[in-house]
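Asks: Mind looking over this structure? Questions follow.
The values are calculated or read from the model by the stated rules, or taken from the named source; none is laboratory data. Computed from a predicted model, the values in this text were never measured in an experiment. A quick note on method: Cβ atoms are made from the backbone with ideal geometry, for glycine too, and the neighbour counts reach across all protein chains shown.
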Amino acid sequence: MKECPNCSMELPDEAHYCPRCMFQYEKQEIQIKDRHRKHIPLLLIGSVLVIGVFICMPFVRRRIQDNMNSNYTEELDIPNVINENFRTGENIIYDSEVENDLRDVLGSGVVDIKATLGEETDEMYRENGMDIYTFGMITVAVNQEEVIQDILIDYTVGENKKEYGIYGIAGISDADAVKTILGTPDQEYEKELCYRFDREFGLGLNINFSDDGMVEQLEYYYVQ
């Protein structure tokens, strides 16, 4: 309860005026005006947001359309990207003096390759879960199923630089000859070119060069 300041009549707290003397509370009127003031900024902010949405919608639509067009273009480019970065044996045409090209050696059995490489020159040993066989300049890594997973040709070991090679590349090849046969490498370093073949089987070929620019080592392997 509150008391009328004019006639001292007791009034409820929420009373706006005194029924005896008709006294009106100015404070209540001020509070009502304050509420109206609070509503005005909210309406103004809401209007600005709505207008901003309408202004931005064309830009948003354009952005979405651009992304859709970009994704569509990327989908169309997928075959081109694959062709550029993953080559297969059928696509590689070469004419080489290499006597024994070992490009099809991966996935075959170590027993089969012995007919080409002859007897082992060092004792077999195990490394990283693989059996390692050595045939002069060639080192072959074989898994537990006796299937070849990695072959390394080191031309610093043997004298015949063109007896064994990969994709027509041997110790008689330089970087320009390699690029002529295989095209642009997937990775290129100062003395190393890296190629990746066949996305499904994940074949890789790393080529290291000597100081005189000739192929020094070829490593042909399944990419892990």
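Asks: Answer with yes or no whether Thr121 is among the polar types (S, T, N, Q), more than 17 Å from Tyr220 (Cα to Cα) and in contact with a strand residue (DSSP E or B) (Cβ under 8 Å, 6 or more places away or on another chain).
Replies: yes
Asks: If you don't mind, there's one more thing I want to ask. Being in a helix (DSSP H, G or I), of a type in the set (Lys, Arg) and closer than 16 Å to Tyr195 by Cα, is that true of even one residue in the stretch 160-180?
Replies: Yes, the stretch 160-180 contains at least one residue that is in a helix (DSSP H, G or I), of a type in the set (Lys, Arg) and closer than 16 Å to Tyr195 by Cα.
Asks: Could you run through the stretch 90-112 and say how many residues are touching a Phe, Trp or Tyr at 6+ places or on another chain (Cβ under 8 Å) and either in a helix (DSSP H, G or I) or among the hydrophobic types (A, V, I, L, M, F, W, C) (or both)?
Replies: The number of residues fulfilling the criteria is 6.
Asks: Same structure again: Please indicate, with yes or no, whether at least one residue in the stretch 197-208 is more than 20 Å from Ile92 (Cα to Cα), out of contact with any Pro (no Cβ under 8 Å at 6 or more places or on another chain) and modelled with pLDDT under 95.
Replies: no
Asks: Anything in the stretch 197-214 that is outside any loop (DSSP other than H, G, I, E, B) and more than 23 Å from Ile132 (Cα to Cα)? List them, or say none.
Replies: Scanning the stretch 197-214 gives Phe197, Phe209, Met214.
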